[in-house]
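In what follows, a single structure is set out as structure tokens and then discussed.
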Ligand code: DP6
């Protein structure tokens, strides 16, 4: 462990660390660390920020962590580097995306005088196409950062750290069902994620019907900020969220699948309706997205319990029970434009791993 000059290098970090109430930082560790985090699907959506600078969400949200979708990130600080290096899926990332990572590191560990970092990340699913790559990515990075700086943050504080990179990332620190709390303080100390139930609580399935692997044109950050500025129903979105959160918590704890599905669809269409009412309008769907929604609704009419949800991209995520997976897959793969389906179960919490032992396929 190398000692650093706190006054200069960690001036910023000390403020952050005091906010997070954790033990003293001693410096950064040589060598690399590897972390894995799973992506999550929002059942009650986060859309909109109450403070853009600190990335504080304007609404609480509830998610399910997914076992089949994950990011594996190796982090190393290296004094020989002149700038941060970020490799994503074996390709060097530069420009805006690299800046987002560098800004996150600066914020978390102490301004731009910190040692530069080498970050090697791999997603086992299409990046930036509405499958929550920023959620798993920033959750893995937060955990790796905590290890390299010996911060020893507890999970809630780790979630606050990940939230600074991406709001949905706060939820990926935990397995199973997770709530991102809506805080009221300006410093964001209450805006943390907590686990509602772990991954063994309910054996649900999530089928992600991939209708396009293209990167989306408009990222969620930009999309939600535009919505907050221009959508006429934005206030109604904010004020109706607490009820959805409370009802969803009840549906999860009582394992009421019909209620969980109904609330999930409601939150999804409320968010997308709001996005469509933005100026200029935001529409993340393609023709296959719409077709898949109708196909799932038809299945439901025929007695198969299945519900859709969609994030900031054209993929349709279908919530269902294990015994209807095959039938749903067959019907949805038949939709023109559905390329393939990823099947996921409730997934585990983010964790530090041995780099060779947990292989990303
Ligand atoms: C539609 O977490 O990507 O997936 O905080 O700006 O990085 P930033 O936004 P991000 O937004 C996720 C939006 C969503 C809904 C959700 O995951 O709750």
Quick P(r) readout (region 204-344; Cα-Cα; 5 Å bins; whole %) gives 2, 10, 19, 20, 19, 16, 11, 4, 0
So what is Rg over Rh here for region 139-283, counting just Cα atoms and using Kirkwood for Rh?
0.98
Coarse-grained scattering of region 28-139 at q = 0.18 Å⁻¹, given as base-10 log I(q)/I(0) from a Debye sum over alpha-carbon atoms:
-1.03
What percent does the relative contact order of region 204-344 come to when contacts are Cα pairs within less than 8 Å and at least six residues apart?
43
Ranked by how many other beta carbons lie within 10 Å on average, peptides 220-232, 275-287 from highest
220-232, 275-287
For the chain, what ratio Rg/Rh do Cα atoms give with a Kirkwood hydrodynamic radius?
0.97
Expressed in angstrom and rounded, the centroid-to-centroid distance over alpha carbons for region 289-336 and region 34-88 is 27
The chain: relative contact order in percent, alpha carbon pairs under 8 Å with at least 6 residues between:
23
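Which FRET efficiency value, to the nearest 0.05, do you get for residue 186 and residue 230 by plugging their Cβ-Cβ distance into 1/(1 + (r/R0)^6) with R0 = 22 Å?
The value I calculate is 0.35.
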Let me have the relative contact order for region 283-345, percent, based on Cα pairs under 8 Å that are six or more residues apart.
33
Nearest 10 degrees, 0 to 90: what angle lies between the long axis of helix 155-165 and the longest principal axis of the chain (Cα atoms)?
90
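Each reported figure results from applying straightforward, stated rules to the coordinates on display, with no laboratory input. The model shown is predicted, which means the values in this text are computed figures rather than measured ones. Cβ sites come from the backbone with ideal geometry, for glycine too, and all protein chains shown count toward neighbours.
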